[in-house]
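The values are calculated or read from the model by the stated rules, or taken from the named source; none is laboratory data. Source: prediction; values computed, not measured. Heads up, the Cβs are rebuilt from the backbone with ideal geometry, glycines too, and the neighbour counts pull from every protein chain shown.
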Amino acid sequence: MRLESPTPDAPTAPRADESEAPHATGSGGKPVQRVSGVVIRFAGDSGDGMQLTGDRFTAETATMGNALATLPSFPAEIRAPQGTLLGVSSFQLQFADHVVLTPGDSPDVLVAMNPAALRANIADLPRGGVIIADSDEFTKRSLQKVGYTVSPLEDGSLESFQVHALPLTSMTVEALKDSGLSRKDSERAKNMFALGMLSWLYDRPTQATEKFIATKFAKKPAVRDANLTAFRAGWAFGETTEGFAVRYEVAPAEHPAGTYRNITGSTALAYGLASAAHKAGLPLVLGSYPITPASDILHALSGMKRFGVTTLQAEDEIAGVGIALGASFGGSLGVTTTSGPGLALKAETIGLAVMLELPLVVVDVQRGGPSTGLPTKTEQADLLQAMYGRNGESPLPVVAASSPTDCFTAAVEAVRIAVTYRTPVILLSDGYLANGSEPWALPKVADLPAIDPAFATAHNGAGDDGTPAFRPYLRDPETLARPWAVPGTPGLAHRIGGLEKADITGEISYEPENHERMTGLRQAKVDGVSVPPLEVDDPVAPDGSRARVLVLGWGSTYGPIAAAVRDARAEGLQVARAHLRHLNPFPPGLGDVLRSYDRVVLPEMNGGQLALLLRARYLVDVQSHGRVRGRPFTAGELTDVVRDAVTQLPDPQLPDPRPASAAAPSAGGVTESPQEARR
Amino acid sequence: MTTTPTRTTSLGLPGVRTGTEGVPRLPEGTNLTKKDFTAANEVRWCPGCGDYAVLAAVQGFMPELGLRKENIVCVSGIGCSSRFPYYLDTYGMHSIHGRAPAIATGLATSRADLSVWVVTGDGDALSIGGNHLIHAMRRNVNMTILLFNNRIYGLTKGQYSPTSEVGKVTKSTPAGSVDAPFNPVSLALGAEATFVARTLDSDRKHLTSVLRAAAEHRGTSLVEIYQNCPIFNDGAFDVLKDRDEAQARLVRLTDGEQVRFGREGEEKVVVRTAGGGVEAVPAAEAGGREVVVHDTGALDPSQAFSLSRLDGPSMAHVPVGVFRSVSRPTYDDLVRDQVDSAREESGGPASDADLDALIAGGDTWVVR
Ligand code: SF4
């Protein structure tokens, strides 16, 4: 579930510089200044442990009860050349006392552990932003590696920022001088020093991090102690240094009552799959081949054996889906997880699943493409591959998750559809959702919808001679699903395969009329999947007027779109918003919704793939805003898009300046598709 | 319908568990016949195709297993032989090209109570599906793979296959193929297969005895079946089928016995070479050389591999029978053991509350 603040339309968080004046703390320390929200970006070399630092700060922040969203970003190489721009790894989080929809457009605070981290990120920091830099790392050599001739910490080029150049490395080494560790090993704890310092600066609780360090390094007492010491030293430094005059406080956000945890999209997705399989009473069998950024789902499910989850690391992507499909044939819930390149390889087997009409869940955690593309960066460019990336007419349901926590709900939905309709389902996540995290009000498994596998146990028809027989392709009249008769069921032995099936009997059939009928039935089954109607957020203005512009999205653009619409409304613009979970079939009435607006704006992280589908299907002139930069939209850029769309809309009283063909495609042009005609 | 595998314990002892252990058996006194395994579908292979003989042998052998018919599953890929499941009256899946071992791996691992059979051909198993085949054997998934080797692509009308001999003139190689062929037995032995055998479509008795041994074996059993395609590669194995020639060329491997073959009066023996390999020599000339004693259970596959190399394009001496049969824990048993013990340790199947606890993790907070 998504966190909604009591006032979801509150304007963007005021930053530190526009919030309350500092007040003295009760504990005799430094004055505390209350701010409503902060965006911090930790950046360093990929060997500096920035992801861990970010994760820990996030966990501390989550337990504080702040609303938050995170954006980890790392190179595709595990250890890119040290100190280079290529090797910079970063972790950004926004936390606030009010609803947070994105990890923040730009950081307020940049923690730069070396010159490369500064250089790679400084352009994103607005003037007046805070820079905390490890001055020890700004050596001549490190500066040269990234093209600085003079240290930016000394040449005045950072004058318009608040710079804290601190010798983090040497302070860490100093704190660890009695640890017995080598200088090199001591230096490695500098990320914990930085974490301690930031934890002080933002008044984060530290017990959980201390416990975490103690557990993580339980087998290496020297390392454990060094990390704890560095963490505490960082905290103490914050408290004593003159450099930080105030510390900041971000009050907990008003969340609905409940028990919360912080969770990444991949973990939530794994839990969703396992919970849905549990609800269906089916063993879950995952066949998967490691691929970035999907492997975390494989890792999570591998640790869930006690919940009846079996994971098989396959020899390749094709085997991964083959294993899953074989397990589904045997009466398990077959699941395979991958990213775009893997989905391409699995296409033929997914087509077989379309033909066999067996449940199968295919998770695609999208990344930048084509080919190997941008393995660690996010994109939404697999939509058309998911829809059409198979030979022949091979429709299947497509479901997309919209936020890290929504990955849970979307996974449950994918399983429901797969099992109920005996069909492969593609569940789309992406790199941003997979690695990003946010607080989650824990669901109760008992409250999840029931899923009934309804295995076939008896004959369902008669043979040519009139005796009772099993008809593997005799469909449920309501869902058009065929019976799922698993091996081991007496009397129902049957053969299925990729060759065209005769209607009802499932025998091989090359008969032309039958092929057309079966093609239509497979399409009609998918078209008939029950999907809730689209919810449109379109508040009526006090004067009774309605928005003329609809911003539509799907998948992980939910956060930035919702934030942009919120900000546009705060500017007084009238704009409606809707988000699609179901990409196939579309929710009922979608065409009417689209046609009821003068303009539909569709931001997506691809070249306009959903826009293409909507235009083709509904003949609505959807305005696409497609970007592929490997990172999520910022709320700011989408606010500009929304503002432009609203303000540039022609006055409805005046004639439309667009050519007639574009302006009036409707009426006679909207024909039913052959599939619809068949229904 | 239960899909929960029966609890099994791996003792790591050789020969303790059979290939069909855990698969429900017919009640005492109930017997099936070949007819019970014969599907109603009209068989659509070309007249004279070797596949007919294999089908008849399998249908005739299946009742011997004493298993409940519904617990036998046949999975195939694409090719002439892969139509097999349609003709065998069990559960079956005619899947896609080369992927049958992967699909069967998912099925066999998730269902301890099934006897899983894979039917494939030389193109299906060794070309497009080569990766799945070697990994199935390396993992040792409990299933029997029948590899119909006709050394040609039949269904696509006669292109050379990965087992065709060099120089093969086909529609796609008018100037002769330049590909070096695979020796499927050598390949299987190199891929860590625990059971490897070769037999012939035309020798019903031998074929059945190999099927028996393969089904008995727990783990992946790879059975190469030389199969004649009268349409596109007729007579590929004729020298092994003529009674007299067969006697001269077929090396019938028998565990624990010296490897001897040949026509009466022209007996040959297989002896060790100085380089550690083996060669066939006239028995009369073997002198004091060490005659190889076949050992299917040898953990070191070297000798079995050497025997597989006796075979060449000339088919002067072709070993048939079981090359290797060793016991190694199967992948599917081990995977199920891990899942089962995790469940047992946590007190049985998970409840809603167990899942709630999993989802909550260790770091929660409460908002009132
Ligand atoms: S083409 Fe060859 S292998 Fe295929 S069915 Fe005909 S004879 Fe048999």
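Which is without any contact (Cβ under 8 Å) to a residue 60 or more places away in the chain and under 21 Å from A:Pro588 (Cα atoms), of A:Asp537, A:Asp543?
A:Asp537
Could you list, in sequence order, the residues of segment A:60-85 that are closer than 20 Å to A:Asp430 by Cα and of a type in the set (Gly, Ala, Ser)?
Result: A:Ala69, A:Ser73, A:Ala76.
Might you check whether a residue that is on the phi > 0 side of the Ramachandran plot and surrounded by fewer than 24 Cβ atoms within 10 Å (Cβ to Cβ) occurs anywhere in segment A:357-373?
yes
What number of residues within segment B:74-119 satisfy the criterion of being within 13 Å of the ligand (Cβ to nearest atom) and among the β-branched types (Val, Ile, Thr)?
Count: 2.
Check A:Thr169, A:Thr102 and return the single one that is surrounded by 21 or more Cβ atoms within 10 Å (Cβ to Cβ) and within 20 Å of A:Ser199 (Cβ to Cβ).
A:Thr169
Filter segment A:301-316 for residues that are in a helix (DSSP H, G or I), surrounded by fewer than 23 Cβ atoms within 10 Å (Cβ to Cβ) and more than 7 Å from chain B (Cβ to nearest Cβ) and give the result.
Across segment A:301-316, the qualifying residue is only A:Ser302.
Restricting to segment A:350-362, count the residues that are facing another protein chain (nearest Cβ under 10 Å) and closer than 15 Å to A:Arg475 by Cβ.
3
Taking only segment B:109-130 into account, find how many residues are farther than 22 Å from B:Pro184 by Cα and more than 8 Å from chain A (Cβ to nearest Cβ).
2
Given (1) away from the ligand (no atom under 15 Å from the Cβ); (2) at the interface with chain A (Cβ under 9 Å from one of its Cβ atoms); (3) surrounded by 19 or more Cβ atoms within 10 Å (Cβ to Cβ), identify the lone condition not met by B:Ala39.
So the condition that B:Ala39 fails would be (3).
What number goes with the only condition from (1) farther than 30 Å from A:Ala194 by Cα; (2) facing chain B (nearest Cβ under 8 Å); (3) out of contact with any helix residue (DSSP H, G or I) (no Cβ under 8 Å at 6 or more places or on another chain) that A:Leu298 does not pass?
(2) is the only condition that A:Leu298 fails.
If you go through segment B:202-224 one residue at a time, how many are within 8 Å of the chain's Cα centre (by Cα) and either closer than 14 Å to B:Glu64 by Cα or surrounded by fewer than 22 Cβ atoms within 10 Å (Cβ to Cβ) (or both)?
1
Which is more than 30 Å from A:Leu101 (Cα to Cα) and surrounded by fewer than 20 Cβ atoms within 10 Å (Cβ to Cβ), of A:Pro490, A:Pro449?
A:Pro490 is the lone residue from the list that is more than 30 Å from A:Leu101 (Cα to Cα) and surrounded by fewer than 20 Cβ atoms within 10 Å (Cβ to Cβ).
Only residues that are at the interface with chain A (Cβ under 9 Å from one of its Cβ atoms) and not aromatic (Phe, Trp, Tyr): list them for segment B:319-343, please.
Hits for segment B:319-343 are B:Val335, B:Arg336, B:Gln338, B:Val339, B:Asp340, B:Ser341, B:Ala342, B:Arg343.
Of all residues in segment A:438-484, how many are within 11 Å of chain B (Cβ to nearest Cβ) and under 30 Å from A:Ala253 (Cβ atoms)?
Matching residues across segment A:438-484 total 10.
Which ones in segment A:333-349 are surrounded by fewer than 24 Cβ atoms within 10 Å (Cβ to Cβ) and within 12 Å of chain B (Cβ to nearest Cβ)?
A:Leu345, A:Ala347, A:Glu348
Any chance you could count how many residues in segment B:42-54 are within 11 Å of the ligand (Cβ to nearest atom) and either out of contact with any Ser or Thr (no Cβ under 9 Å at 6 or more places or on another chain) or part of a loop (DSSP other than H, G, I, E, B) (or both)?
Matching residues across segment B:42-54 total 8.
Look at B:Thr199 and say whether it is buried (at least 21 other Cβ atoms within 10 Å of the Cβ), more than 16 Å from the ligand (Cβ to nearest atom) and modelled with pLDDT of 95 or more.
yes
Residue by residue through segment A:485-511, note down the ones that are more than 8 Å from every other protein chain (Cβ to nearest Cβ) and assigned to a loop (DSSP other than H, G, I, E, B).
A:Ala485, A:Glu500, A:Ala502, A:Asp503, A:Thr505, A:Gly506, A:Ser509, A:Tyr510, A:Glu511
Being within 16 Å of the ligand (Cβ to nearest atom), in contact with a helix residue (DSSP H, G or I) (Cβ under 9 Å, 6 or more places away or on another chain) and either within 22 Å of B:Ser76 (Cβ to Cβ) or outside any helix (DSSP H, G or I) (or both) is the requirement here; does B:Ser164 meet it?
yes
For segment A:131-151, which residues satisfy the criterion of being in contact (Cβ under 8 Å) with a residue 60 or more places away in the chain, out of contact with any Leu (no Cβ under 6 Å at 6 or more places or on another chain) and not basic (Lys, Arg)?
Passing the criteria: only A:Ile132.
Is there any pair with a first residue in segment B:171-193 that is over 15 Å from B:Tyr160 (Cβ atoms) and a second that is part of a loop (DSSP other than H, G, I, E, B) whose Cβ atoms are under 6 Å apart and which are 6 or more apart or on different chains, and what are they?
These pairs meet every condition: B:Leu189/B:Pro301.
Conditions (1) assigned to a strand (DSSP E or B); (2) away from the ligand (no atom under 16 Å from the Cβ); (3) in contact (Cβ under 8 Å) with a residue 12 or more places away in the chain, marked per residue:
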| residue | (1), (2), (3) |
| --- | --- |
| B:Arg218 | no, yes, yes |
| B:Ser221 | yes, yes, yes |
| B:Glu245 | no, yes, no |
| B:Leu310 | no, yes, yes |
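Please go through segment A:572-623 and pick out each residue that is among the β-branched types (Val, Ile, Thr) and closer than 21 Å to A:Glu413 by Cβ.
A:Val593
For residues in segment B:223-239 being part of a strand (DSSP E or B) and more than 20 Å from B:Leu187 (Cα to Cα), which is nearest to the ligand (Cβ to nearest atom)?
Among those residues, the one meeting the criterion is B:Cys229.
A:Lys279 versus (1) more than 30 Å from A:Ser186 (Cβ to Cβ); (2) among the charged types (D, E, K, R); (3) in a loop (DSSP other than H, G, I, E, B): which is the lone unmet condition?
Single failed check for A:Lys279: (3).
Tell me the residue from B:Asn140, B:Asn71 that is in contact with a Ser or Thr (Cβ under 8 Å, 6 or more places away or on another chain), facing chain A (nearest Cβ under 9 Å) and away from the ligand (no atom under 16 Å from the Cβ), please.
B:Asn71
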